[in-house]
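Below you'll find the structure, written out as structure tokens, and then a few comments.
The values are calculated or read from the model by the stated rules, or taken from the named source; none is laboratory data. Model, not experiment: these values are computed from the prediction. Using ideal geometry, Cβ is built from the backbone for each residue, glycine included, and neighbour counts are taken over all protein chains shown.
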């Protein structure tokens, strides 16, 4: 018989095997006339046959399951607690894994990097000038591919129903090769298409292909009309492809629908070194390290600084691993949340450990008896171990089930701009994580009751158990305090954030984005536009909108605060000594229409805002914000001074405006300069219309749509939002993590208080007789109550002290997540400590009262 | 195991294999045959014999079948398989080498 056959028989033909064994041994005994010992002989055979250890294990498991089934209450509480803990931890881990840990969804992702211009004086990363990109690509030796993405071109699709704006990107022909992606349909761009005049081809995202062309394969090779020109559809990207990067890298426009070749002029024109629209991706050659690539880039930066000092003197090049770049600003938040849920889990584990200790104490007699009967301690240990493993396995399985249900629910609530959210899901990596967690808890719980019970004589067990329980409670309180502090400062930070005065009105404002078609612009290429046409359209539209009942005023801006878009220019002030070559003052730049300040409610601090008399033919004017005035004029009055940017003409400062929070509620105001739309040096093809209403802003939306359609039937309108929604969305991430952490902290508080209650109840039950005697010999009930509460208070105080120390140390790790509050905020810490102390006292009050009610007669009778 | 002398590891297996070279035997028969061929030096007890038999059967050296013992009682008979014979040859040779080596070592 071969081993596996034997194993099969032993495991699955058990009855037959046992019957034959019995008969065989019985026959032997009869023939030899020996007496007794049949069972021992059979047992010794069982011990050697195939699968013997497995059989013992199954036996232990069966025994454990039976034991647990007999103690249903205990099993339910332990498994339920474990399942909650493991489920919550697994759910959070799934998110962290999808966003932070999984390799990027491209082949050999460790060779991918993003390249940035680095502004040497302050180290900030900047997007890349087309001419610089051209030279980087030509001069570098470390990269298999280097490809640029211009994320700004928008295309107006006509000929397929209403005109629609498609989010577009102009990309180097080898961008998709760089990412190792193959087209789902059709072909990739070819090098010949990446030149001006030959680039009328597009690749569509699968979503756009399905949405606009019903995913009809025969559309590939046909033409579509974009910006009134014909483009040939050459390829369609696979359904699951997305350019993974930070939402902010593309000014919030990661979901491109249409790609065209970048088609840079070769060689590039001089002005293309002073504008910085490109995101650059690179794939390092196999075997090239990041450090070597960086050395290569440093050499190129040095060369460009010498050749083009005006533009590149202060610019280095930075290679950032793509994986790192993508998650840089969510890592802290996610790791904090995972740590938070981990702490809740540990607190819950402490409760289960306490339960197991209580059980072990109750079973002390059973264990002693079995040891006396000859069971080896190892055998008993194995059995307890098996029991805790069964608990852990059940908890783990339920936990996974919870995670499978919980993950989609959590994903729906994730902040909208979380990168890689599509990759979050329960997979083998998550299951491996859960298995490890469950096994670890199983081992831990197996050890806990052993620690005090199996070492030495029975007498000291109770004492040692008490100490262990005390330590568990102290740990629980400490963890709970850390969590409460974290949640407290985050909540305070969120409140501070929401209380920020953004510098403009947030109520009764409706915003929507318009896309001006080619008749208003010169294509999308940084060209000079048609100011007169734009001004006429803008005036017509604003007039119509103002006539809508419920509308108070309307105006345009190119970059709406909290809208996710921005732009800046270098400027010079008239009469000031010239800066060294390559050094500039930079301010954010905001083309707005007359009436904008009044509409959105930005106060005029000095001088005036813009009005209808600021036209393309009138004096060129500019308004600056308070930050800019303070930074560049100090106490002096800037009104009447002149500055210039984007062209040779001087612009006169006519007003100083209040500061606004543009990038985010929590971002400090930066210098800003406003220009009338009619006088901008270039065309901003996607203005936002801002409408102030007297009624609920959403109520005028339909009328606004009609007004736009009547004024410019070829002008698509999208990205409709009230200012309230934008403000709310701006605090999205902060709200998400605060809500989660607060939930964790609440769970921690609850579980820890249950733990304290359990331990104090146990202590009281152990000392019941003692309390009875104390009362019998004259102690007041109040004194006994105080005795118990003091003991609980000592544990809680120790836990709070340790928790405070830990919170002080861990605090700086979350400092970057906080706005306007220190990580170890004294007021918050004081409040949460008090809350924790009160809850701890409440949790121990019931057991204490029970102690105080101990009947002295019971104790005396017992003695 | 006999009190007379401790059985060396593997010796029991070898003795069982040897005892089965002539004919299939049941448990008691094997014990008797071993006592017989070792002139009573080894007296194998059930607690050693049966685990060894089952282990060797699972290893494929022995095959078993139920038959009738001399007392008209049903008993499980073991016989050598081809693998068992091969094992016996190899083990006998090894044993011969060892015992020769031991003998010469002790005389030296």
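Give all pairs with beta carbons closer than 9 Å in which a residue from the stretch A:458-478 that is in the same structural domain as residue A:349 (by TED's automatic domain parsing) and under 17 Å from residue A:792 (Cβ atoms) meets a residue that is surrounded by fewer than 15 Cβ atoms within 10 Å (Cβ to Cβ) and modelled with pLDDT of 80 or more; count only pairs at least 6 apart in sequence or on separate chains.
The qualifying pairs are A:470/A:794; A:478/A:805.
Determine whether residue A:724 is in the same structural domain as residue A:541 (by TED's automatic domain parsing), modelled with pLDDT of 90 or more and closer than 30 Å to residue A:414 by Cα.
no
Return yes or no: is residue B:88 modelled with pLDDT of 90 or more, within 24 Å of residue A:4 (Cα to Cα), more than 10 Å from chain A (Cβ to nearest Cβ) and surrounded by 14 or more Cβ atoms within 10 Å (Cβ to Cβ)?
yes
Consider the stretch A:689-699. How many of its residues are surrounded by fewer than 22 Cβ atoms within 10 Å (Cβ to Cβ), in a helix (DSSP H, G or I) and in contact with a strand residue (DSSP E or B) (Cβ under 7 Å, 6 or more places away or on another chain)?
Residues flagged as surrounded by fewer than 22 Cβ atoms within 10 Å (Cβ to Cβ), in a helix (DSSP H, G or I) and in contact with a strand residue (DSSP E or B) (Cβ under 7 Å, 6 or more places away or on another chain) within the stretch A:689-699 amount to 1.
Looking only at the stretch B:17-30, count how many residues are in contact with a strand residue (DSSP E or B) (Cβ under 9 Å, 6 or more places away or on another chain) and more than 8 Å from chain A (Cβ to nearest Cβ).
Selection size over the stretch B:17-30: 9.
If a residue must be assigned to a loop (DSSP other than H, G, I, E, B), closer than 15 Å to residue A:283 by Cα and touching a helix residue (DSSP H, G or I) at 6+ places or on another chain (Cβ under 6 Å), how many such residues does the stretch A:104-140 contain? Outline the logic, then answer.
At the first step, the residues of the stretch A:104-140 found to be assigned to a loop (DSSP other than H, G, I, E, B) are A:104-108, A:120-124, A:127, A:129, A:140.
Okay, now just the ones that are also closer than 15 Å to residue A:283 by Cα, so A:104-108, A:140.
With touching a helix residue (DSSP H, G or I) at 6+ places or on another chain (Cβ under 6 Å) added as a condition, the list becomes A:104, A:140.
So the count comes out to 2.
Count, please, the residues in the stretch B:45-68 that happen to be in contact with a strand residue (DSSP E or B) (Cβ under 8 Å, 6 or more places away or on another chain) and facing another protein chain (nearest Cβ under 7 Å).
Residues that pass the stated criteria total 1.
Take residue A:400 and tell me if it is over 30 Å from residue A:763 (Cβ atoms) and in a loop (DSSP other than H, G, I, E, B).
No; evaluated as a whole, the condition is false for this residue.
So if I check each of A:68, A:101, which one is touching a helix residue (DSSP H, G or I) at 6+ places or on another chain (Cβ under 8 Å), loosely packed, with under 14 Cβ neighbours inside 10 Å and not assigned by TED's automatic domain parsing to the domain that holds residue A:353? Please lay out each step first, then the result.
Working: A:68 fails: loosely packed, with under 14 Cβ neighbours inside 10 Å.
When all the criteria are applied, what remains is A:101.
Please specify each residue of the stretch A:564-595 satisfying the condition of being farther than 19 Å from residue A:627 by Cβ and surrounded by 23 or more Cβ atoms within 10 Å (Cβ to Cβ).
Hits for the stretch A:564-595 are A:593, A:594.
List the number of the failed condition for residue B:104; all other conditions in (1) in contact with a helix residue (DSSP H, G or I) (Cβ under 7 Å, 6 or more places away or on another chain); (2) away from every other protein chain (no Cβ under 14 Å) hold.
Exception for residue B:104: condition (1).
Only one of (1) out of contact with any strand residue (DSSP E or B) (no Cβ under 9 Å at 6 or more places or on another chain); (2) within 10 Å of chain A (Cβ to nearest Cβ) fails for residue B:42. Which number is that?
The failed condition is (2).
Scan the stretch A:1-42 residue by residue and report those that are at the interface with another protein chain (Cβ under 9 Å from one of its Cβ atoms), over 60 Å from the mean Cα position of the chain (by Cα) and part of a loop (DSSP other than H, G, I, E, B).
If the condition is that a residue be at the interface with another protein chain (Cβ under 9 Å from one of its Cβ atoms), over 60 Å from the mean Cα position of the chain (by Cα) and part of a loop (DSSP other than H, G, I, E, B), then A:34, A:37 are the ones that fit.
Would you check if residue B:2 is modelled with pLDDT under 85, more than 12 Å from the chain's Cα centre (by Cα) and within 11 Å of chain A (Cβ to nearest Cβ)? Can you show your working first?
Values: modelled with pLDDT under 85: yes; more than 12 Å from the chain's Cα centre (by Cα): yes; within 11 Å of chain A (Cβ to nearest Cβ): no.
In short, no.
Test residue A:809 against the criterion of being out of contact with any helix residue (DSSP H, G or I) (no Cβ under 9 Å at 6 or more places or on another chain) and either at pLDDT 85 or above or part of a loop (DSSP other than H, G, I, E, B) (or both), and give yes or no.
Spelling it out, residue A:809 is indeed out of contact with any helix residue (DSSP H, G or I) (no Cβ under 9 Å at 6 or more places or on another chain) and either at pLDDT 85 or above or part of a loop (DSSP other than H, G, I, E, B) (or both).
Considering only residues that are in a loop (DSSP other than H, G, I, E, B) and over 27 Å from the mean Cα position of the chain (by Cα), look in the stretch A:700-757 and name the one that is farthest from residue A:158 (Cα to Cα).
Result: A:712.
Here are A:786, A:782, A:793: which of them is out of contact with any strand residue (DSSP E or B) (no Cβ under 7 Å at 6 or more places or on another chain), closer than 30 Å to residue A:488 by Cβ and surrounded by fewer than 18 Cβ atoms within 10 Å (Cβ to Cβ)? Quick ask: steps written out before the conclusion?
Values: A:786 fails: closer than 30 Å to residue A:488 by Cβ; A:782 fails: closer than 30 Å to residue A:488 by Cβ.
So the residue among A:786, A:782, A:793 that is out of contact with any strand residue (DSSP E or B) (no Cβ under 7 Å at 6 or more places or on another chain), closer than 30 Å to residue A:488 by Cβ and surrounded by fewer than 18 Cβ atoms within 10 Å (Cβ to Cβ) is A:793.
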